[in-house]
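Engineer: Submitted below is the structure of interest, expressed as structure tokens.
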Amino acid sequence: MTVMQHIWIVIGVLFVLLNIAAGLIWVERRLLALWQNRLGPNRAGPLGLFIVLADTLKLFFKEDWIPPFADKKIFILAPAIVVGSVLLSFVIIPFAPGIVVADLNIGLLFFLAMSSLGVYSIVLGGWASNNKYALLGALRGASQMIAYEVFMGLSLMGVVMLTGSFNMGAIVEAQKDMWFIVTQPVGFFIFFIAGIAETHRLPFDIPEAESELIAGYHAEYSGMKFGMFFIGEYLGITLISAMMVAMFFGGWLGPSFLPPLAWFALKTFFFIGVFILLRASLPRPRYDQLIEYGWKILLPVVLANLMITGAIALWMRGG
Amino acid sequence: MNLLFYISSFVAVAATIMAISRFHPVHALLYLVVSFLAAAMIFLSLGTPFIAVLEVIVYAGAIIVLFIFVVMMLNLGKDTALQEKNWLRPKVWAGPSLLVLILLVEMIVLLLNAQNAIMHVAVVDPRKVSLSLFGEYIIALELVGFLLMAGIVGAAHIGKQKKKILHRFLKEETMARVEI
């Protein structure tokens, strides 16, 4: 691959991702409206599509206010971290054969590393705001994300065991005969739950719980800084959906009447829809329930899954 | 690769110095994060991507977050910064730094005179790391496991709350008795 091709892939991926993140504003509101039996935004443009434009313009023109009691530098740094870490994670996603920004042989670990750095945006944003609600949100976010990172990593290790590689391309290729959802259903469900907690989406949006904490860690943010948290969340949904597709649902593999890239996009959008459906249908658990559920149920289950997978893999190899 | 190594080493040293000299605990911790990321880059440039990523996941992504978590909970603000300022007077650090500087000069002289100063870059993949961990160094690994287990048991013991089940009338009675 030449240097120019690399640059084109990077630009293309960035362009598509940022547009998806913005477009999800409309997708989410229309889908939520559909499931709640109402219309949703339908005035501006065809099907209300221009709400994306209107929302973005509104965010750009809002006063970009930094509270005088805030820690200025860290306050500005925090929203940049969330978008940066999520966009960096997309580096290893194989969209189609040959369309991947960096085909690292430690791809999966790189994803875990970047998602673990994403915690800083919540923690620092909440702390730098110097506001008790923001601080409470940040404390919740930190413990939630550290806890669920563990299960996220462990749930993917079953797939790594079956593939024998951390390389995302190799993981997709290994699903040629059978998707990993068949052999690793437990891993998939735990990854899904941990992914929701990691992107702090409803029902696990406990760090921002608007009914108790106003808006949690980003209560003090306005304008495009708030917009960055917003985009980071949508990018996070896209990332987790893309990871689920690549790890458990065969990535770009599919019947040949559609190109590989279309299969990948189709499957990813299906899971984005599932994320939004969860938001529309489930209530928020209490904070201690979430943490208890993680350590007392998910951890033993994921460890058992790992051990059984390892035992079966060894047995199949003829040990 | 060589250039990458030197750049990230420089960043690591600079960030560590900043981490020591900041007065505010959170700022210091953030520089420490940068230092860890730079250390990960050093590992990467030396051909061990696995260790590099583990450094980011474990140190930068988990341990420092817990540090910041604790700092946030204790709500350390201006008072601690002042205290730190008092501790970090030149009188305190001038002597040790001078001695360390002598050591540094010695080390640089030794390094410049060394015969085998060529950096060996060999890519070590995750499989090799795990094989040596669970083969050659299995006893060390088990011992580390013991240590962590002891830590967890200790933390559970310290964190345990004594359950006090008192009937409300009983409690009132004891309170009254104390008052008498």
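Engineer: Checking residue B:5 against (1) aromatic (Phe, Trp, Tyr); (2) more than 13 Å from chain A (Cβ to nearest Cβ); (3) open to solvent by 50 Å² or more (accessible area, probe 1.4 Å), which single condition isn't satisfied?
Structural biologist: Going through (1) aromatic (Phe, Trp, Tyr); (2) more than 13 Å from chain A (Cβ to nearest Cβ); (3) open to solvent by 50 Å² or more (accessible area, probe 1.4 Å) one by one, residue B:5 breaks only (3).
Engineer: A further question follows. Specify which of the listed residues (A:62, A:58) is open to solvent by 70 Å² or more (accessible area, probe 1.4 Å) and touching a residue at least 60 places away in the same chain (Cβ under 8 Å).
Structural biologist: A:62
Engineer: Only one residue in A:161, A:114 is buried (at least 22 other Cβ atoms within 10 Å of the Cβ) and in a helix (DSSP H, G or I). Which one?
Structural biologist: Details: A:161 fails: buried (at least 22 other Cβ atoms within 10 Å of the Cβ).
One residue alone meets the criteria, A:114.
Engineer: Does region A:56-71 include one or more residues that are over 25 Å from the mean Cα position of the chain (by Cα), acidic (Asp, Glu), closer than 24 Å to residue A:119 by Cα and not in a helix (DSSP H, G or I)?
Structural biologist: Yes, region A:56-71 has at least one match.
Engineer: Further question: How do the pairs read when you match residues in region A:91-107 that are closer than 24 Å to residue B:44 by Cα with residues anywhere that are of a type in the set (Ser, Thr, Tyr) and open to solvent by less than 50 Å² (accessible area, probe 1.4 Å), using Cβ under 6 Å and keeping only pairs 6 or more apart or on different chains?
Structural biologist: Close Cβ pairs satisfying both conditions: none exist.
Engineer: A follow-up question, please. Please determine whether any residue of region A:131-153 is acidic (Asp, Glu) and over 18 Å from residue B:67 (Cβ atoms).
Structural biologist: Pass one, region A:131-153, residues acidic (Asp, Glu): A:149.
Among the residues that remain, those that are also over 18 Å from residue B:67 (Cβ atoms) are: none.
No, region A:131-153 contains no residue that is acidic (Asp, Glu) and over 18 Å from residue B:67 (Cβ atoms).
Engineer: Quick check: anything in region A:226-247 assigned to a loop (DSSP other than H, G, I, E, B) and either touching a residue at least 60 places away in the same chain (Cβ under 8 Å) or within 14 Å of another protein chain (Cβ to nearest Cβ) (or both)? First the steps, then the outcome.
Structural biologist: As a first pass, look at region A:226-247 and keep what is assigned to a loop (DSSP other than H, G, I, E, B): none.
Looking through region A:226-247, none of the residues is assigned to a loop (DSSP other than H, G, I, E, B) and either touching a residue at least 60 places away in the same chain (Cβ under 8 Å) or within 14 Å of another protein chain (Cβ to nearest Cβ) (or both).
Engineer: What residue, of A:106, A:76, is open to solvent by 50 Å² or more (accessible area, probe 1.4 Å) and within 14 Å of chain B (Cβ to nearest Cβ)?
Structural biologist: Numbers: A:106 fails: open to solvent by 50 Å² or more (accessible area, probe 1.4 Å).
Going through A:106, A:76 in turn, the sole match is A:76.
Engineer: Please verify whether region A:36-46 includes one or more residues that are of a type in the set (A, V, I, L, M, F, W, C), closer than 25 Å to residue A:201 by Cβ and in contact (Cβ under 8 Å) with a residue 12 or more places away in the chain.
Structural biologist: If we filter region A:36-46 for residues that are of a type in the set (A, V, I, L, M, F, W, C), which is where we start, we get A:39, A:44.
Cutting the leftovers down to closer than 25 Å to residue A:201 by Cβ gives us A:39.
Next cut, in contact (Cβ under 8 Å) with a residue 12 or more places away in the chain only: none.
There is no residue in region A:36-46 that is of a type in the set (A, V, I, L, M, F, W, C), closer than 25 Å to residue A:201 by Cβ and in contact (Cβ under 8 Å) with a residue 12 or more places away in the chain.
Engineer: Inside region B:21-127, counting only helices (runs of 4 or more DSSP H) that do not spill past its ends, which hold 2 or more residues that are at the interface with chain A (Cβ under 9 Å from one of its Cβ atoms)?
Structural biologist: Numbers: elements: B:25-45, B:49-54, B:64-74, B:78-87, B:90-113.
Per the criteria, B:25-45, B:49-54, B:64-74.
Engineer: May I ask you to list pairs of residues, at least six apart or on different chains, whose Cβ atoms are under 7 Å apart, with the first in region A:120-137 being free of Cβ contacts under 8 Å to residues at least 12 places away in the same chain and within 10 Å of chain B (Cβ to nearest Cβ) and the second being open to solvent by 10 Å² or more (accessible area, probe 1.4 Å) and assigned to a helix (DSSP H, G or I)?
Structural biologist: Filtered contacts from region A:120-137: A:135/A:127.
The values are calculated or read from the model by the stated rules, or taken from the named source; none is laboratory data. On a predicted model such as this, the values are computed, not experimentally measured, just so you know. Every residue, glycine as well, gets a Cβ built from its backbone with ideal geometry; the counts of neighbours run over all protein chains shown. Only protein heavy atoms, including side chains, enter the accessible area calculation; ligands, DNA and RNA are left aside. Shrake-Rupley method; radii C 1.70, N 1.55, O 1.52, S 1.80 Å.
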